Amino acid sequence: MNRQKTTLAVLLGLLALCAGAYLALRMWNSSHPPATDTISVTAFSDPSSFSFLGTDGETLSFTKQNGVWQWNEDSTFPADQSAVESLAEDLSHVEAVRAISDPEPLSAYGLDSPAYTIQVADSGGMGATLLIGAAVNSDYYAALEGGETVYTISSSLLDTLSIGLMDLAEPESIPSVREDNIQSIQWESGGTTLLLTKDTETLSVESEDTGSVETVTEYHWTVNDNAIPQDNETLSLLLDELSFLGFSSCYDYDAEESVLASCGLTEPALVLTVSYDDGQSFTLSVGQMDGDGTYRFALLNDSRAIQRLSASSIDVLMGLTQEQLLTAPDTEEDT
(Lines give C-alpha, C1' and ligand atoms only; values in the text may rest on other atoms or scores of the structure.)
Protein backbone atom coordinates (compact mmCIF):
# COMPACT_ATOMS: atom_id res chain seq x y z
CA MET A 1 0.00 0.00 0.00
CA ASN A 2 2.80 2.43 0.85
CA ARG A 3 4.54 1.53 -2.41
CA GLN A 4 1.37 2.44 -4.36
CA LYS A 5 1.11 5.79 -2.58
CA THR A 6 4.75 6.53 -3.33
CA THR A 7 4.31 5.67 -7.01
CA LEU A 8 1.22 7.84 -7.25
CA ALA A 9 3.02 10.77 -5.64
CA VAL A 10 5.91 10.43 -8.07
CA LEU A 11 3.52 10.34 -11.05
CA LEU A 12 1.65 13.40 -9.81
CA GLY A 13 4.94 15.21 -9.36
CA LEU A 14 6.03 14.37 -12.87
CA LEU A 15 2.67 15.50 -14.22
CA ALA A 16 2.95 18.82 -12.42
CA LEU A 17 6.50 19.26 -13.71
CA CYS A 18 5.42 18.56 -17.33
CA ALA A 19 2.49 20.95 -17.00
CA GLY A 20 4.77 23.67 -15.70
CA ALA A 21 7.26 23.11 -18.49
CA TYR A 22 4.48 23.22 -21.09
CA LEU A 23 3.12 26.50 -19.73
CA ALA A 24 6.60 28.00 -19.62
CA LEU A 25 7.24 26.95 -23.21
CA ARG A 26 3.97 28.51 -24.36
CA MET A 27 4.83 31.76 -22.60
CA TRP A 28 8.30 31.81 -24.17
CA ASN A 29 6.91 31.12 -27.64
CA SER A 30 4.35 33.88 -27.31
CA SER A 31 7.06 36.41 -26.48
CA HIS A 32 9.58 35.07 -29.03
CA PRO A 33 7.96 34.72 -32.48
CA PRO A 34 9.84 32.38 -34.82
CA ALA A 35 12.63 33.97 -36.80
CA THR A 36 12.21 34.23 -40.55
CA ASP A 37 15.47 34.02 -42.45
CA THR A 38 14.63 35.68 -45.77
CA ILE A 39 17.26 35.32 -48.47
CA SER A 40 16.86 38.22 -50.89
CA VAL A 41 18.20 37.82 -54.40
CA THR A 42 16.87 41.16 -55.63
CA ALA A 43 15.52 43.91 -53.39
CA PHE A 44 14.54 47.19 -55.05
CA SER A 45 12.02 49.45 -53.36
CA ASP A 46 11.01 51.52 -56.40
CA PRO A 47 11.45 49.58 -59.65
CA SER A 48 11.63 51.79 -62.72
CA SER A 49 12.66 49.39 -65.51
CA PHE A 50 12.97 45.74 -66.40
CA SER A 51 13.67 43.64 -69.45
CA PHE A 52 13.52 39.97 -70.45
CA LEU A 53 12.54 37.86 -73.45
CA GLY A 54 8.87 36.92 -73.56
CA THR A 55 7.43 33.61 -74.67
CA ASP A 56 6.37 35.18 -77.99
CA GLY A 57 9.94 36.22 -78.83
CA GLU A 58 9.31 39.90 -78.02
CA THR A 59 11.67 41.68 -75.66
CA LEU A 60 9.54 42.77 -72.73
CA SER A 61 11.48 45.90 -71.94
CA PHE A 62 9.50 48.46 -69.94
CA THR A 63 10.43 51.77 -68.34
CA LYS A 64 8.41 53.90 -65.95
CA GLN A 65 8.36 57.56 -66.98
CA ASN A 66 6.45 60.15 -64.95
CA GLY A 67 4.69 57.33 -63.14
CA VAL A 68 3.56 55.59 -66.35
CA TRP A 69 4.98 52.30 -67.66
CA GLN A 70 5.85 52.26 -71.36
CA TRP A 71 7.13 49.54 -73.66
CA ASN A 72 10.55 50.66 -74.86
CA GLU A 73 9.96 49.39 -78.39
CA ASP A 74 6.77 51.41 -78.97
CA SER A 75 5.39 54.07 -76.64
CA THR A 76 1.91 53.68 -78.20
CA PHE A 77 1.61 50.16 -76.82
CA PRO A 78 -1.41 50.14 -74.42
CA ALA A 79 0.42 48.87 -71.35
CA ASP A 80 -1.78 47.52 -68.58
CA GLN A 81 -0.34 49.63 -65.79
CA SER A 82 -1.47 47.32 -63.01
CA ALA A 83 -0.11 44.17 -64.70
CA VAL A 84 3.24 45.77 -65.56
CA GLU A 85 3.65 47.23 -62.08
CA SER A 86 2.89 43.85 -60.51
CA LEU A 87 5.48 42.17 -62.76
CA ALA A 88 8.07 44.82 -61.89
CA GLU A 89 7.44 44.26 -58.18
CA ASP A 90 7.87 40.50 -58.59
CA LEU A 91 11.19 40.95 -60.38
CA SER A 92 12.39 43.50 -57.82
CA HIS A 93 11.72 41.27 -54.82
CA VAL A 94 13.00 37.81 -55.70
CA GLU A 95 13.61 35.60 -52.68
CA ALA A 96 15.67 32.41 -52.60
CA VAL A 97 14.74 29.06 -51.17
CA ARG A 98 18.41 28.51 -50.27
CA ALA A 99 21.82 29.95 -51.05
CA ILE A 100 24.91 28.04 -52.20
CA SER A 101 27.80 30.17 -51.03
CA ASP A 102 30.58 27.97 -52.44
CA PRO A 103 29.14 26.89 -55.79
CA GLU A 104 30.48 24.77 -58.60
CA PRO A 105 31.12 26.40 -62.01
CA LEU A 106 28.01 28.08 -63.44
CA SER A 107 27.69 25.37 -66.08
CA ALA A 108 26.79 22.91 -63.32
CA TYR A 109 23.59 24.86 -62.73
CA GLY A 110 22.69 25.76 -66.31
CA LEU A 111 23.69 29.35 -65.63
CA ASP A 112 26.33 29.57 -68.36
CA SER A 113 23.45 29.53 -70.89
CA PRO A 114 20.54 30.70 -68.75
CA ALA A 115 16.90 30.09 -69.65
CA TYR A 116 16.11 33.66 -68.60
CA THR A 117 18.26 36.77 -68.35
CA ILE A 118 16.40 39.55 -66.56
CA GLN A 119 17.54 43.12 -66.08
CA VAL A 120 15.84 45.15 -63.38
CA ALA A 121 16.63 48.61 -61.97
CA ASP A 122 15.17 51.13 -59.56
CA SER A 123 14.58 54.86 -59.80
CA GLY A 124 17.86 55.55 -58.03
CA GLY A 125 19.95 53.95 -60.77
CA MET A 126 20.69 50.74 -58.89
CA GLY A 127 20.24 47.61 -60.97
CA ALA A 128 21.00 43.92 -61.33
CA THR A 129 20.90 41.15 -63.91
CA LEU A 130 19.25 37.95 -62.74
CA LEU A 131 20.15 34.68 -64.43
CA ILE A 132 17.83 31.67 -64.17
CA GLY A 133 19.21 28.28 -65.10
CA ALA A 134 18.32 24.61 -64.78
CA ALA A 135 15.52 23.07 -62.75
CA VAL A 136 16.31 21.38 -59.46
CA ASN A 137 13.42 19.38 -58.03
CA SER A 138 10.55 21.89 -58.00
CA ASP A 139 12.85 24.93 -57.95
CA TYR A 140 15.36 26.58 -60.29
CA TYR A 141 18.96 27.66 -59.97
CA ALA A 142 19.57 31.40 -60.16
CA ALA A 143 22.40 33.86 -59.73
CA LEU A 144 23.13 37.53 -60.09
CA GLU A 145 25.45 38.31 -62.96
CA GLY A 146 28.91 38.93 -61.49
CA GLY A 147 27.91 37.49 -58.11
CA GLU A 148 29.58 34.67 -56.22
CA THR A 149 26.46 32.98 -54.85
CA VAL A 150 24.12 30.54 -56.55
CA TYR A 151 20.55 30.35 -55.31
CA THR A 152 17.55 28.13 -55.73
CA ILE A 153 14.31 30.01 -56.33
CA SER A 154 10.68 28.94 -56.48
CA SER A 155 9.26 27.86 -59.82
CA SER A 156 6.46 30.38 -59.27
CA LEU A 157 8.72 33.07 -60.71
CA LEU A 158 9.02 31.05 -63.91
CA ASP A 159 5.24 30.95 -64.10
CA THR A 160 5.24 34.75 -63.80
CA LEU A 161 7.75 35.03 -66.64
CA SER A 162 5.79 32.74 -68.97
CA ILE A 163 4.04 35.60 -70.76
CA GLY A 164 4.14 37.42 -74.07
CA LEU A 165 3.78 41.08 -74.93
CA MET A 166 0.00 41.00 -75.40
CA ASP A 167 -0.44 39.58 -71.91
CA LEU A 168 0.65 43.03 -70.72
CA ALA A 169 -1.71 44.94 -73.01
CA GLU A 170 -4.79 46.64 -71.59
CA PRO A 171 -7.96 46.02 -73.61
CA GLU A 172 -9.98 48.98 -74.77
CA SER A 173 -13.09 49.93 -72.82
CA ILE A 174 -16.57 49.75 -74.28
CA PRO A 175 -18.70 52.65 -73.02
CA SER A 176 -21.10 51.73 -70.25
CA VAL A 177 -24.70 51.71 -71.44
CA ARG A 178 -28.04 50.62 -70.03
CA GLU A 179 -31.66 50.97 -71.05
CA ASP A 180 -32.16 54.40 -69.48
CA ASN A 181 -29.30 56.04 -71.44
CA ILE A 182 -29.49 54.12 -74.74
CA GLN A 183 -31.23 56.05 -77.52
CA SER A 184 -31.00 53.58 -80.41
CA ILE A 185 -29.36 50.32 -81.48
CA GLN A 186 -28.45 49.55 -85.08
CA TRP A 187 -27.71 45.88 -85.80
CA GLU A 188 -26.25 44.77 -89.15
CA SER A 189 -25.49 41.18 -90.08
CA GLY A 190 -25.66 39.10 -93.26
CA GLY A 191 -27.27 41.90 -95.26
CA THR A 192 -30.00 42.46 -92.66
CA THR A 193 -30.36 45.71 -90.72
CA LEU A 194 -32.41 46.07 -87.55
CA LEU A 195 -32.89 49.55 -86.11
CA LEU A 196 -34.19 49.66 -82.56
CA THR A 197 -35.31 53.05 -81.27
CA LYS A 198 -36.65 54.07 -77.87
CA ASP A 199 -39.32 56.52 -76.76
CA THR A 200 -39.47 57.59 -73.12
CA GLU A 201 -42.77 58.20 -71.33
CA THR A 202 -42.99 59.71 -67.86
CA LEU A 203 -46.17 58.94 -65.93
CA SER A 204 -47.60 60.18 -62.65
CA VAL A 205 -49.03 57.22 -60.74
CA GLU A 206 -50.92 57.28 -57.44
CA SER A 207 -49.61 54.75 -54.94
CA GLU A 208 -52.27 52.27 -53.78
CA ASP A 209 -50.61 52.00 -50.36
CA THR A 210 -49.93 55.63 -49.45
CA GLY A 211 -52.02 57.58 -51.91
CA SER A 212 -49.01 59.70 -52.84
CA VAL A 213 -48.23 60.45 -56.48
CA GLU A 214 -45.08 58.83 -57.83
CA THR A 215 -43.25 59.43 -61.10
CA VAL A 216 -42.74 56.32 -63.21
CA THR A 217 -40.65 56.12 -66.39
CA GLU A 218 -41.60 53.68 -69.13
CA TYR A 219 -39.63 52.89 -72.27
CA HIS A 220 -41.29 51.96 -75.54
CA TRP A 221 -39.11 50.30 -78.17
CA THR A 222 -39.61 49.77 -81.87
CA VAL A 223 -37.67 47.69 -84.40
CA ASN A 224 -37.77 48.96 -87.97
CA ASP A 225 -40.84 51.05 -86.95
CA ASN A 226 -42.68 48.06 -85.47
CA ALA A 227 -43.60 48.24 -81.79
CA ILE A 228 -41.78 45.75 -79.61
CA PRO A 229 -44.18 44.25 -77.02
CA GLN A 230 -43.62 45.25 -73.43
CA ASP A 231 -41.62 42.66 -71.46
CA ASN A 232 -40.28 41.08 -74.65
CA GLU A 233 -37.73 38.51 -73.45
CA THR A 234 -35.29 38.96 -76.35
CA LEU A 235 -35.16 42.73 -75.83
CA SER A 236 -34.52 42.24 -72.10
CA LEU A 237 -31.69 39.79 -72.81
CA LEU A 238 -30.24 42.10 -75.47
CA LEU A 239 -30.19 45.08 -73.09
CA ASP A 240 -28.58 42.91 -70.40
CA GLU A 241 -25.83 41.85 -72.81
CA LEU A 242 -25.15 45.46 -73.76
CA SER A 243 -24.98 46.58 -70.14
CA PHE A 244 -22.30 43.98 -69.34
CA LEU A 245 -20.42 44.18 -72.63
CA GLY A 246 -16.64 44.27 -72.20
CA PHE A 247 -13.48 42.96 -73.84
CA SER A 248 -11.64 40.07 -72.20
CA SER A 249 -8.18 40.89 -73.56
CA CYS A 250 -6.28 42.50 -76.42
CA TYR A 251 -5.18 40.23 -79.27
CA ASP A 252 -3.20 42.70 -81.43
CA TYR A 253 -2.83 46.35 -80.53
CA ASP A 254 -2.02 47.56 -84.07
CA ALA A 255 -3.17 44.90 -86.50
CA GLU A 256 -2.07 44.78 -90.12
CA GLU A 257 -4.65 44.28 -92.85
CA SER A 258 -3.78 40.60 -93.22
CA VAL A 259 -4.39 40.01 -89.50
CA LEU A 260 -7.70 41.88 -89.64
CA ALA A 261 -8.75 39.66 -92.54
CA SER A 262 -7.72 36.44 -90.80
CA CYS A 263 -9.81 37.46 -87.79
CA GLY A 264 -12.87 38.09 -89.96
CA LEU A 265 -12.83 41.84 -89.36
CA THR A 266 -12.54 43.12 -92.92
CA GLU A 267 -16.00 41.57 -93.47
CA PRO A 268 -17.48 41.41 -89.95
CA ALA A 269 -20.16 38.93 -89.00
CA LEU A 270 -21.88 41.71 -87.05
CA VAL A 271 -21.67 45.50 -86.90
CA LEU A 272 -23.43 47.06 -83.92
CA THR A 273 -23.85 50.80 -83.40
CA VAL A 274 -25.25 52.03 -80.10
CA SER A 275 -26.29 55.66 -79.62
CA TYR A 276 -26.55 56.78 -76.01
CA ASP A 277 -26.79 59.85 -73.78
CA ASP A 278 -26.86 63.06 -75.84
CA GLY A 279 -25.31 62.38 -79.22
CA GLN A 280 -22.67 59.86 -78.18
CA SER A 281 -22.23 56.50 -79.89
CA PHE A 282 -19.90 53.57 -80.39
CA THR A 283 -19.60 50.95 -83.12
CA LEU A 284 -18.59 47.37 -82.43
CA SER A 285 -17.46 45.13 -85.30
CA VAL A 286 -17.47 41.43 -84.48
CA GLY A 287 -15.51 38.89 -86.51
CA GLN A 288 -14.68 35.21 -86.34
CA MET A 289 -14.32 32.96 -83.31
CA ASP A 290 -10.90 31.93 -82.10
CA GLY A 291 -9.67 28.35 -82.45
CA ASP A 292 -11.59 26.85 -79.53
CA GLY A 293 -14.70 28.98 -79.83
CA THR A 294 -14.23 30.76 -76.52
CA TYR A 295 -13.86 34.27 -77.95
CA ARG A 296 -14.78 36.34 -80.96
CA PHE A 297 -12.42 38.93 -82.38
CA ALA A 298 -13.76 42.48 -82.34
CA LEU A 299 -12.93 46.10 -83.13
CA LEU A 300 -14.19 49.22 -81.38
CA ASN A 301 -14.99 52.20 -83.61
CA ASP A 302 -12.13 52.86 -86.07
CA SER A 303 -9.41 51.32 -83.89
CA ARG A 304 -7.03 48.76 -85.38
CA ALA A 305 -6.57 47.10 -82.01
CA ILE A 306 -8.16 43.65 -82.17
CA GLN A 307 -9.87 42.69 -78.94
CA ARG A 308 -11.19 39.38 -77.62
CA LEU A 309 -14.88 39.30 -76.74
CA SER A 310 -16.34 36.37 -74.84
CA ALA A 311 -18.50 34.44 -77.32
CA SER A 312 -20.98 33.47 -74.61
CA SER A 313 -21.52 37.13 -73.68
CA ILE A 314 -23.05 37.99 -77.07
CA ASP A 315 -25.27 34.97 -77.78
CA VAL A 316 -28.39 37.12 -78.18
CA LEU A 317 -26.59 39.73 -80.28
CA MET A 318 -25.24 37.17 -82.73
CA GLY A 319 -28.59 35.44 -83.24
CA LEU A 320 -30.91 38.44 -83.13
CA THR A 321 -33.98 38.47 -85.43
CA GLN A 322 -36.90 40.84 -85.88
CA GLU A 323 -39.31 37.96 -85.29
CA GLN A 324 -37.84 37.40 -81.82
CA LEU A 325 -38.25 41.08 -80.97
CA LEU A 326 -41.89 41.17 -82.09
CA THR A 327 -42.93 38.08 -80.15
CA ALA A 328 -45.32 38.92 -77.33
CA PRO A 329 -44.52 37.37 -73.95
CA ASP A 330 -46.61 34.43 -72.77
CA THR A 331 -49.53 35.32 -70.54
CA GLU A 332 -51.34 33.31 -67.91
CA GLU A 333 -54.18 32.79 -70.40
CA ASP A 334 -51.69 31.34 -72.91
CA THR A 335 -50.44 28.84 -70.36
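The values are calculated or read from the model by the stated rules, or taken from the named source; none is laboratory data. These figures come from a predicted structure and were not determined experimentally. Calculation scope for accessible area: heavy atoms of the full protein, side chains included, ligands and nucleic acids excluded. Shrake-Rupley method; radii C 1.70, N 1.55, O 1.52, S 1.80 Å.
Roughly to the nearest percent, how much of the accessible area of the range 170-329 is carbon and sulfur, given a 1.4 Å probe?
Values: 3660 of 8570 Å².
For the range 170-329, the apolar C and S fraction of the accessible surface comes to 43 percent.
Need one word for the chain: rounded, prolate or oblate. Basis is the Cα gyration tensor (sqrt eigenvalues a ≥ b ≥ c); a/c below 1.5 gives rounded, then a/b vs b/c decides. Each step should come with its number before you reach the end.
Values: a/c = 3.12, a/b = 1.57, b/c = 1.99.
Cα axes put the chain in the oblate bin.
In whole angstrom, note down how far apart the Cα centers of the range 98-139 and the range 262-335 are.
49
Solvent-accessible area per residue for the range 71-176 at a 1.4 Å probe radius, Å²? If you can, show how the numbers build up before the last one.
Working: 5290 Å² over 106 residues.
For the range 71-176, the per-residue accessible area is 50 Å².
Solvent-accessible area per residue for the range 222-273 at a 1.4 Å probe radius, Å²? All intermediate terms of the calculation are to be shown ahead of the outcome.
Details: 2630 Å² over 52 residues.
That works out to 51 Å² for each residue.
Determine the calculated [θ] at 222 nm for the chain from helices alone, applying -39500 (n - 2.57) to every DSSP H run no shorter than 4 residues and normalising by the residue count; nearest 500 deg cm²/dmol.
Working: 7 runs with 73 residues, N = 335.
Helix contribution divided over all residues of the chain: -6500 deg cm²/dmol.
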